[in-house]
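See below for the structure under consideration.
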Amino acid sequence: MKKILIINGPNLNLLGDREKAFYGDTSLERIKTLCVEECVKNNIELEFFQSNHEGELIEKIHSVQNDFSGIIINPAAYTHTSIALLDALRATSKPKIEVHISNIYAREDYRRKSITSEAVNGVICGFGENGYALAIEAMKKLIYSE
Ligand code: DQA
């Protein structure tokens, strides 16, 4: 069975309490449950990870090359700042999808540039928690067409 990694960056552990106008009521636990259900339906094994630390996120991305068939990542604020995350993503040849809960292009100027998206196959943003399910669906096509 193919195994994928879903990584969530800083402050996403606070979903449900944080800036509900942008992120809604959903919690990270709920998003994890939704992702597990979607993966079971699609016959995909899942590891779901969150960290507030850039180095931990980078090390987790390093594990993709040997241990996973693909990665879905919401780099959160590191999307807009981290060349280190971009380089880590570039270092894996596996399929990569970036997800954002909010529409980053309809927000502040500094959110309209995604540094990390330069390394991914595609980006899904603005669909709330459903963006994760859409990403799993897109990932399934990428990993099973390899
Ligand atoms: C986010 C958008 C980022 O700009 C922000 O820093 C986040 C969450 C999203 O999922 O909409 O923390 O990645």
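The values are calculated or read from the model by the stated rules, or taken from the named source; none is laboratory data. What you are looking at is a predicted structure, and each value in this text was computed from that prediction instead of being measured. Cβ: placed from backbone, ideal geometry, glycine included. Neighbour counts: every protein chain shown.
Look at the stretch 121-142 and say how many of its residues are touching a residue at least 24 places away in the same chain (Cβ under 8 Å) and farther than 17 Å from GLU37 by Cβ. Summing the residues that are touching a residue at least 24 places away in the same chain (Cβ under 8 Å) and farther than 17 Å from GLU37 by Cβ in the stretch 121-142 gives 7.
The set of residues from the stretch 16-51 being among the polar types (S, T, N, Q) and either in contact with a helix residue (DSSP H, G or I) (Cβ under 7 Å, 6 or more places away or on another chain) or closer than 15 Å to ILE72 by Cβ (or both) comprises ASN42, GLN50, SER51. If we keep just the residues of the stretch 1-60 that are more than 16 Å from the ligand (Cβ to nearest atom) and aliphatic (A, V, I, L, M), which is nearest to the chain's Cα centre (by Cα)? Ranking the qualifying residues of the stretch 1-60, first place goes to LEU5.
Residues are listed down the side, and each one gets a yes or a no for (1) surrounded by fewer than 20 Cβ atoms within 10 Å (Cβ to Cβ); (2) under 27 Å from ALA21 (Cα atoms):
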{"residue": "ASN52", "(1), (2)": "yes, yes"}
{"residue": "SER63", "(1), (2)": "yes, no"}
{"residue": "ASN66", "(1), (2)": "yes, no"}
{"residue": "ILE83", "(1), (2)": "yes, no"}
{"residue": "THR92", "(1), (2)": "yes, no"}
{"residue": "HIS100", "(1), (2)": "no, yes"}
{"residue": "ASP109", "(1), (2)": "yes, yes"}
{"residue": "ILE115", "(1), (2)": "yes, yes"}
{"residue": "GLY126", "(1), (2)": "yes, yes"}
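Close contacts from the stretch 94-108, counting a first residue that is within 14 Å of GLY131 (Cβ to Cβ) and at pLDDT 95 or above and a second that is among the aromatic types (Phe, Trp, Tyr) and near the ligand (Cβ under 8 Å from one of its atoms), with Cβ to Cβ under 7 Å and a gap of 6+ residues or different chains, come to ILE101/TYR23; SER102/PHE22; SER102/TYR23.
Considering the conditions (1) in contact with a helix residue (DSSP H, G or I) (Cβ under 7 Å, 6 or more places away or on another chain); (2) touching a residue at least 60 places away in the same chain (Cβ under 8 Å), ILE61 is excluded by exactly one of them, (2). Residues in the stretch 16-50 that are modelled with pLDDT under 95 and either touching a Cys at 6+ places or on another chain (Cβ under 9 Å) or crowded, with 19+ Cβ neighbours inside 10 Å (or both): TYR23 only.
Quick one: how many residues across the stretch 88-116 are of a type outside the set (Gly, Ala, Ser), more than 9 Å from the ligand (Cβ to nearest atom) and more than 16 Å from the chain's Cα centre (by Cα)? The qualifying residues number 4.
Does ASN74 satisfy the criteria of being within 10 Å of the ligand (Cβ to nearest atom), modelled with pLDDT of 95 or more and surrounded by 20 or more Cβ atoms within 10 Å (Cβ to Cβ)? Yes; evaluated as a whole, the condition is true for this residue.
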